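Q: Quick one: structure below, then a few questions.
Nothing in this text is a laboratory measurement; each read-out follows from the coordinates by a stated rule. Since the structure is predicted, the reported quantities are computational estimates derived from the model, not experimental observations. Because the Cβ atoms are built from the backbone with ideal geometry, glycine has one as well, and the counts that use them run over all protein chains shown.
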C-alpha cells in the first residue's frame, strides 16, 4: 500500500519569513512570490483564540465532548476544528491551570487583545506573554495545521 501525501507530509513549524523563503529554493519564481506573499499574510494576522482551539463564530471555546451530543454540534465542532491554524493546543483559563494540568501546549487570554502561550519543551516550561499577531508566535516553535499549510498554498 502506498502512503498518502497526508501521511508522508513532514511537520511544518512557524518560522520567520526569511527562513520560510529559504525552504522555497526549488520552486519557480512565480510560485516563490505567491508562497512568500501568502506566508507573509499569515504572519501579519491578528491572533484569535480559534487559531489555537476550536471556537464558535463568537470566539467561545467549544467543548469537544459536546460534539458527540448531537449531529448539529458535531458539525459545528468539526468545522471549527478545520479553522485551527496551529496543532497541539489546549485552552486553559490561566497559566496556573496549564501548569497544574501538566499541559504540553496551552493558550490563554492575557488581555482582551493578546494571548499567552505556555509550552513545555525538553522538560522545561516556557511562557510568552502579550502575543498579538501570528508573527509573535515564531519564538514558540509551533506546528502549523493542515489548514495553515493550505492557506500558504503548499
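Q: Quick one: check the C-alpha center-to-center distance for the stretch 28-52 versus the stretch 118-147, whole angstrom.
A: Comparing the Cα centres of the stretch 28-52 and the stretch 118-147, I get a distance of 17 Å.
Q: Please list 130-137, 83-90, 57-64, 41-48 highest first by mean number of surrounding beta-carbon atoms within 10 Å per residue.
A: Ranking, from highest mean packing down: 83-90, 130-137, 41-48, 57-64.
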